[in-house]
Amino acid sequence: MRDLTNRGYFLNLTAVFEGGLLVVALGLGWVLDVEPLESFAWRWADLAWGLAAAVPLVVLFLLSHRFPVGPFLPIKRFLIEMLGPSLVNCRWYDLVLLSLLVGFSEELLFRGVVQPWFANWGLFAGLVGSNILFGLAHFITPLYALTAALIGCYLGVLLNVTGNVLAPVATHAAYDFLAFLVVARAYESERSRHSDSSVDDAGDQIG
């Protein structure tokens, strides 16, 4: 198994996976007769709405990360232990590109294809159907899946309000970028504390 702490390998692996989601989005859109980019347009107003919509999500993430009560603690530990070693070795611009790729690929699939297809049975069906799948795709723990599904509903409403997939893409990418920074910093902080503790223990043994 390759070392995911290797910056190049981690970025390449992620790019292949997320690029695969783009292929899935295009292929599924063809099968379901849904054009993934039909609702995508570059409009500054919708970009601004998307960035603004990321703020409450980031605040909630910071609160759950700072005060990980109950079932939020395993989620925090998973993010730090599984993603931290990879993220900490990335440059800030790596994380920007990574966040943009993740945001675009996942939103094109779930908001650009799956939600419009379910919306053939109504807006509510579009939100619920697409985000049951979105939650299952993020099943790390039951709470994490539920949280992802609720965030997906939030992004779906944003799509319905703006009519532009660009808005949820911007929200998703901005949220992921800031979350990646927080997780990388938390991992680095824990690693430094463990290193200092090891040095102190070694000093005590010598003394």
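The values are calculated or read from the model by the stated rules, or taken from the named source; none is laboratory data. For clarity, every value in this text was computed on a predicted model and none was experimentally measured. With ideal geometry, Cβ positions are generated from the backbone for all residues, glycine too; neighbour counts draw on all protein chains shown.
Determine if region 7-24 includes at least one residue that is of a type in the set (D, E, K, R) and out of contact with any Asp or Glu (no Cβ under 9 Å at 6 or more places or on another chain).
Scanning region 7-24 turns up no residue that is of a type in the set (D, E, K, R) and out of contact with any Asp or Glu (no Cβ under 9 Å at 6 or more places or on another chain).
With respect to Val59, is the statement that it is assigned to a helix (DSSP H, G or I), among the aliphatic types (A, V, I, L, M) and loosely packed, with under 12 Cβ neighbours inside 10 Å true? Even if it seems obvious, please write down each step before you answer.
Numbers: assigned to a helix (DSSP H, G or I): yes; among the aliphatic types (A, V, I, L, M): yes; loosely packed, with under 12 Cβ neighbours inside 10 Å: yes.
Judged against the criteria, Val59 is a match.
Being touching a Cys at 6+ places or on another chain (Cβ under 7 Å), farther than 20 Å from Gln115 by Cα and surrounded by 13 or more Cβ atoms within 10 Å (Cβ to Cβ) is the requirement here; does Arg7 meet it?
yes
Can you find a residue that is aliphatic (A, V, I, L, M), more than 26 Å from Leu4 (Cα to Cα) and in contact (Cβ under 8 Å) with a residue 60 or more places away in the chain anywhere in region 124-138?
no
Name the pairs: first residue in region 16-36 and within 18 Å of Val165 (Cα to Cα), second residue in a helix (DSSP H, G or I) and polar (S, T, N, Q), Cβ to Cβ under 9 Å, at least 6 apart or on different chains?
Once the first residue is within 18 Å of Val165 (Cα to Cα) and sits in region 16-36, its partners that are in a helix (DSSP H, G or I) and polar (S, T, N, Q) give Glu18/Ser105; Gly19/Ser105; Leu21/Ser105; Leu22/Ser105; Val24/Ser105; Ala25/Ser105.
Hey, among Gly129, Gly103, Gly112, which residue is of a type in the set (Gly, Ala, Ser), within 16 Å of Phe17 (Cβ to Cβ) and in a helix (DSSP H, G or I)?
Being of a type in the set (Gly, Ala, Ser), within 16 Å of Phe17 (Cβ to Cβ) and in a helix (DSSP H, G or I) holds for just one of Gly129, Gly103, Gly112, which is Gly103.
Within region 117-149, take every residue that is surrounded by 14 or more Cβ atoms within 10 Å (Cβ to Cβ), hydrophobic (A, V, I, L, M, F, W, C) and within 18 Å of Val102 (Cα to Cα) and give me the one that is nearest to the chain's Cα centre (by Cα).
Looking at the filtered set, the residue picked out is Ala148.
Just wondering, is there one or more residues in region 180-201 that are surrounded by fewer than 18 Cβ atoms within 10 Å (Cβ to Cβ), at pLDDT below 90 and outside any helix (DSSP H, G or I)?
No: zero hits.
Can you go through Leu83, Leu73, Leu87 and tell me which one is more than 30 Å from Asn120 (Cβ to Cβ) and free of Cβ contacts under 8 Å to residues at least 60 places away in the same chain?
That would be Leu73, the only listed residue that is more than 30 Å from Asn120 (Cβ to Cβ) and free of Cβ contacts under 8 Å to residues at least 60 places away in the same chain.
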